[in-house]
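Reviewing the structure listed below.
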Amino acid sequence: DAPSKVTSDKTISEPSNHHVDERQEQSGTQPLDGVPTLAFPSISTADFQFDTEKASDIIVETVEEFVHKIGNGRLVLVDISHGSKILSLVKSKAVVKNIDPTKFFTFVGDLTKLRSGGGLHCNVIANAANWRLKPGGGGVNAAIFDAAGPDLETATKKRAGSLSPGKAVTIPLPSTSPLFSKQGVTHVIHVLGPNMNPKRPNCLNDDYTTGCKILREAYSSLFENFASIVR
Ligand code: AR6
C-alpha cells in the first residue's frame, strides 16, 4: 500500500555500510556506519527490583512490535555484566520469536563506552532514569550523567523537570559533551520504569499487573522516541 511504501523508500534508503548520506550524517542522526542504533539497558530490573523473567517477556514483545517501525535502525540491549540474567533470557526468547538478529541483538559492555570499549557505534542511548531526572543515584543513570558531563544535566533541565513512570523523553546531546565527541552519542533518551523497591519513590508493592503495564509503556515510549529520531 502507498503509505508504507513511502516510509520504506524514505527510511531504508542506504542499508549498506559503504555509503552514508551526507545530509543525514551532518544532521547527527546517523552513526558513521550508516545504521541508526539505539543501545538500551534493561529498565527497572536492578535498583528498581523488577522481576527479570517478566521483564524479558516485555522486552522481546515490544522489540518484536517496533523492529518494523524503525526503518533501517537497530535495537541493542546492553548490560555491563557477563553473567547478566536478563541478557540470556532475552537472547533465548528472541530466538524463539525469530526476531531478525541484524535488527535486534544483546551486547555485554558499558553503555557509556560502547564505541571506545566495544567497537559498537550507537548514536542513541537510553537511560534508566529517576523521576527527578537527576544525576547520581547509582546504576546506569549515574554512569551516563558522569560520562556526559554537565551538558546532559543542562540539556535535560531545558526539556523536562520530571518524568512519570512509563514515559520517556529525548535529550539532544551538545557536541561538547564527551559522550558525543568520544562515543558518537547524539541523543540520550531518559526512561522511567516501574519501581518495585520499597526504598525508592512510587513503589508498586509487588503489583505486577500495574508494573507490567508500565514497563510495556516505558519500552513503547522509548522505541517511539527512537523512531522519531530516525525519521
Ligand atoms: N552499562 C550498561 N549497563 C549498566 C550499567 C552500565 N554502565 N550500569 C548498570 N547497568 P539500574 P533501574 C545495567 O539499577 O533498575 C538509578 O539509581 C544494570 O545491570 O541502573 O531501572 C536511577 O537513578 C541493569 O541491567 O536501573 C533510578 O533511581 C540495568 O542497567 C534507579 O536506579 C538497569 O539498572 C533505576 O533503577
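Structure data summary
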item: Some residue of region 200-208 being in contact (Cβ under 8 Å) with a residue 40 or more places away in the chain, touching an Asp or Glu at 6+ places or on another chain (Cβ under 8 Å), loosely packed, with under 15 Cβ neighbours inside 10 Å and assigned to a loop (DSSP other than H, G, I, E, B); result: yes
item: Flag if H187 is closer than 19 Å to Y219 by Cα and touching a Leu at 6+ places or on another chain (Cβ under 8 Å); result: yes
item: Matching option when the condition is exposed (fewer than 15 other Cβ atoms within 10 Å of the Cβ) and under 18 Å from the mean Cα position of the chain (by Cα), among S175, S228; result: S228
item: Hits in region 88-131 - residues which are touching a residue at least 12 places away in the same chain (Cβ under 8 Å), within 12 Å of the ligand (Cβ to nearest atom) and exposed (fewer than 14 other Cβ atoms within 10 Å of the Cβ); result: V108
item: All positions within region 132-145 that are of a type in the set (A, V, I, L, M, F, W, C) and near the ligand (Cβ under 7 Å from one of its atoms); result: V140, A142, A143
item: Selection status of G83, within 11 Å of the ligand (Cβ to nearest atom) and either hydroxyl-bearing (S, T, Y) or within 22 Å of Q49 (Cβ to Cβ) (or both); result: yes
item: Of all residues making up region 178-199, the number that are part of a loop (DSSP other than H, G, I, E, B) and among the hydrophobic types (A, V, I, L, M, F, W, C); result: 3
item: Residue that is least open to solvent (accessible area, probe 1.4 Å) [pool: residues in region 35-58 that are of a type in the set (V, I, T) and near the ligand (Cβ under 9 Å from one of its atoms)]; result: I43
item: Flag if K182 is among the basic types (K, R) and either at pLDDT below 95 or within 10 Å of the ligand (Cβ to nearest atom) (or both); result: no
item: Residues (within 16 Å of the ligand (Cβ to nearest atom) and surrounded by fewer than 24 Cβ atoms within 10 Å (Cβ to Cβ)) located in region 59-70; result: V60, T62, V63
item: Only one of G138, G193 that is open to solvent by 10 Å² or more (accessible area, probe 1.4 Å) and either at pLDDT 95 or above or closer than 21 Å to S81 by Cβ (or both); result: G138
item: Residue list for region 20-59, restricted to those being basic (K, R) and modelled with pLDDT of 90 or more; result: K54
item: Number of the exception - G161 against (1) open to solvent by 10 Å² or more (accessible area, probe 1.4 Å); (2) more than 15 Å from the ligand (Cβ to nearest atom); (3) closer than 29 Å to G34 by Cα; result: (3)
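The values are calculated or read from the model by the stated rules, or taken from the named source; none is laboratory data. Predicted model only: the values in this text are computed from it and were never measured. Neighbour counts run over all protein chains shown; Cβ positions are idealised from the backbone, glycine included. Each accessible area value is taken on the protein alone, full model and side chains, heavy atoms only, with ligands, DNA and RNA left out. Shrake-Rupley method; radii C 1.70, N 1.55, O 1.52, S 1.80 Å.
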